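Worksheet: one structure, shown below.
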Amino acid sequence: MLRQSLRSVRSVAKAHGARAMSSYTLPPLPYELGALEPVVNTEIMTLHHGKHHATYVANLNAAMEKYAEAEAKKDVAAMIALQGAIKFNGGGHVNHSIFWTNLCAPKDVVAPAEASPELAKMIDAQWGSLDAFKTEFNTKTAAVQGSGWGWLGYDKAAKKLAIATCANQDPLSTTGLTPLLGIDVWEHAYYLQYKNVRPEYLKQVWQVVNWKNVAERFKAASA
Amino acid sequence: MVRAHLYMAVSLAVASSCAAFSSPTLAGLHVASHRGGAAHSLCMAAQKPALSRREAIQAASFLAGAAFFAPRESVAADGAFSLPKLPYAYDALEPHIDKMTMELHHDKHFNAYLTNLNKALEGKDAKSLLDIQKTAIKDGAMLRNNGGGFYNHGLFFNTLGPASESGAPSPALAKAIESSFGSMDKMKEEFNAAAAKRFGSGWAWLGVAPDGKLVITSTPNQDNPLMEGCDGAKMVPFLGLDVWEHAYYLKYQNRRPEYIAGFWNVVNWGKVSEYYETFAAKGVPVNWA
């Protein structure tokens, strides 16, 4: 009875050209395009948000629509064939949505200790100091081959922080960690400004890291 | 040693027929024979405008003879590879590939792969660049990324050239393209799709499959089809397109398909045909050095 009504809802929706499933949308930036100057310039932010992230959203929606059709037909082969596109574009959407909130204007940055004494304490306990943490994060993230991300994550099972890197748009969830802070090191994230010098981008980007947001995520993850 | 003498003989023969050669070039050729010959063919290419057609044919046949007797495989004699010069000016590929991209791509990215490759080989037995490709995936990240990166970019830069000198595939290559894809346009369509669909960093390749047919594939990061265990079709590549963002971002930003379309204007079909006929068609990896 329920299945029948669901099916009719879907077919009605399809007939009207609407998607029965929810669409994904590009979240607005929490600040102006130029807010992260001079660390990340306006041109990069415009392209990164308005083109790259927007494209992931569009491609995710297209893939999910095809997936819904395949599911309706019980076409498992088609569903499996779409998994790559969902991982790439869904991962891209998830990662960038976190990323924009992880950043803020330089003037709005507060130190980790101010944002969350608990988080700052854990960083000190695990790395000795904030600087030592940043050094390891930057070293590992600079070493990502090709495209990918550097992450500060939370290991819920071990109740510890961890630094991890992921390839392409693989979300941090694939490692079992909960994302707190991600830094995009796809070349599109920095090339127009920093060219090939990824380590310089990583050195500078800490000036726009929004520790308040990282602290919120940490609080939610460690609750 | 024999190889060095052959190079000297060749360079003397060419020098005598062309006033444009000066001793630095001779020295360059001599040094090149010890450093793997990487600069050799590039020096020749740089001299092209100064040679008359007759001299150019003469030079080519001398070189062909030398190549027959002395396979010019790039062996790191002292364990170190060297960075070949671009066979053209940095702005020669404008407007399709911009000058700054060529400067950064060659002087920074290509150079970094070279530096890291040499570092990875320190203290190890000398190995040819082609041998390095074979076991690169098994040998770990340093050799995979930098050995691959050095090979891929060396091949890439050699197969590009000014749009005015793009030319056309040789009869043999044209025939192979037609029989494998139906037409040049269909081949480009498939190649463009492979290049556009490669997610993240990587390369698209045109190469020869074990059965002699031309095939297209793409690989991630700095992998190439010469590497055992590589994703994608088994083949000997003779034309590749870099789709890492650094290859196109300054001019094209996120518009990779536009870059891919522009690339075809600056393919040096003469060089590509040579690589096809001399190497890939025979099932032999292209030795661009």
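Looking at B:Pro237, B:Pro225, can you tell me which residue is closer than 16 Å to B:Tyr275 by Cβ and touching a residue at least 24 places away in the same chain (Cβ under 8 Å)? After ruling out the rest, the residue left standing is B:Pro237. I'd like the residue in the range B:92-141 that is at pLDDT 95 or above and of a type in the set (Asp, Glu) and, out of all such residues, is farthest from A:Glu187 (Cα to Cα). Of everything passing the filter in the range B:92-141, B:Asp131 is farthest from A:Glu187 (Cα to Cα).
For the range A:56-75, filtering for residues that are closer than 28 Å to A:Leu192 by Cα and either among the small types (Gly, Ala, Ser) or exposed (fewer than 15 other Cβ atoms within 10 Å of the Cβ) (or both) leaves 1.
If the condition is being more than 12 Å from chain B (Cβ to nearest Cβ) and part of a strand (DSSP E or B), then the range A:177-206 contributes A:Thr178, A:Pro179, A:Leu180, A:Leu181, A:Gly182, A:Ile183.
Exactly one residue out of B:Ala280, B:Ala261 is more than 13 Å from chain A (Cβ to nearest Cβ) and surrounded by fewer than 22 Cβ atoms within 10 Å (Cβ to Cβ): that is B:Ala261. Across the range B:190-222, the number of residues qualifying as in contact (Cβ under 8 Å) with a residue 24 or more places away in the chain and either of a type outside the set (D, E, K, R) or over 20 Å from A:Gly84 (Cα atoms) (or both) comes to 23.
Hey, among the residues in the range B:176-189 that are of a type outside the set (S, T, N, Q), without any contact (Cβ under 8 Å) to a residue 24 or more places away in the chain and over 14 Å from B:Ala261 (Cα atoms), which one's surrounded by the most Cβ atoms within 10 Å (Cβ to Cβ)? Of everything passing the filter in the range B:176-189, B:Glu178 is surrounded by the most Cβ atoms within 10 Å (Cβ to Cβ).
Scanning the range B:230-257 for residues that are away from chain A (no Cβ under 13 Å) and modelled with pLDDT of 95 or more yields B:Cys230, B:Met235, B:Val236, B:Pro237, B:Phe238, B:Leu239, B:Gly240, B:Leu241. Quick check on the range B:93-110. Is at least one of its residues more than 28 Å from A:Lys140 (Cβ to Cβ), in contact with a helix residue (DSSP H, G or I) (Cβ under 7 Å, 6 or more places away or on another chain), loosely packed, with under 15 Cβ neighbours inside 10 Å and of a type outside the set (Lys, Arg)? So far as the range B:93-110 goes, yes, one or more of its residues are more than 28 Å from A:Lys140 (Cβ to Cβ), in contact with a helix residue (DSSP H, G or I) (Cβ under 7 Å, 6 or more places away or on another chain), loosely packed, with under 15 Cβ neighbours inside 10 Å and of a type outside the set (Lys, Arg).
Among all residues of the range B:204-227, there is at least one that is within 14 Å of chain A (Cβ to nearest Cβ) and among the small types (Gly, Ala, Ser).
I'd like to check something: does the range B:128-135 contain any residue that is free of Cβ contacts under 8 Å to residues at least 60 places away in the same chain and over 27 Å from A:Pro199 (Cβ atoms)? Within the range B:128-135, one or more residues are free of Cβ contacts under 8 Å to residues at least 60 places away in the same chain and over 27 Å from A:Pro199 (Cβ atoms). Of all residues in the range A:42-51, none are within 14 Å of chain B (Cβ to nearest Cβ), surrounded by 15 or more Cβ atoms within 10 Å (Cβ to Cβ), closer than 22 Å to A:Lys87 by Cα and over 17 Å from the mean Cα position of the chain (by Cα). For the range A:139-176, a residue qualifies if it is within 14 Å of chain B (Cβ to nearest Cβ), part of a loop (DSSP other than H, G, I, E, B) and touching a Leu at 6+ places or on another chain (Cβ under 9 Å), but none of them does.
The helices (runs of 4 or more DSSP H) found wholly in the range B:71-172 and carrying at least 3 residues that are within 14 Å of chain A (Cβ to nearest Cβ) occupy B:99-104, B:111-121, B:148-158.
In the range A:115-127, the residues that are part of a helix (DSSP H, G or I) form Cβ pairs under 6 Å with partners that are surrounded by 14 or more Cβ atoms within 10 Å (Cβ to Cβ) and among the small types (Gly, Ala, Ser), at six or more places apart or across chains, as follows: A:Ala115/A:Ala215; A:Leu119/A:Ala215; A:Ala120/A:Ala113.
The values are calculated or read from the model by the stated rules, or taken from the named source; none is laboratory data. Quantities reported herein were computed from a predicted structural model and do not represent experimental measurements. Because the Cβ atoms are built from the backbone with ideal geometry, glycine has one as well, and the counts that use them run over all protein chains shown.
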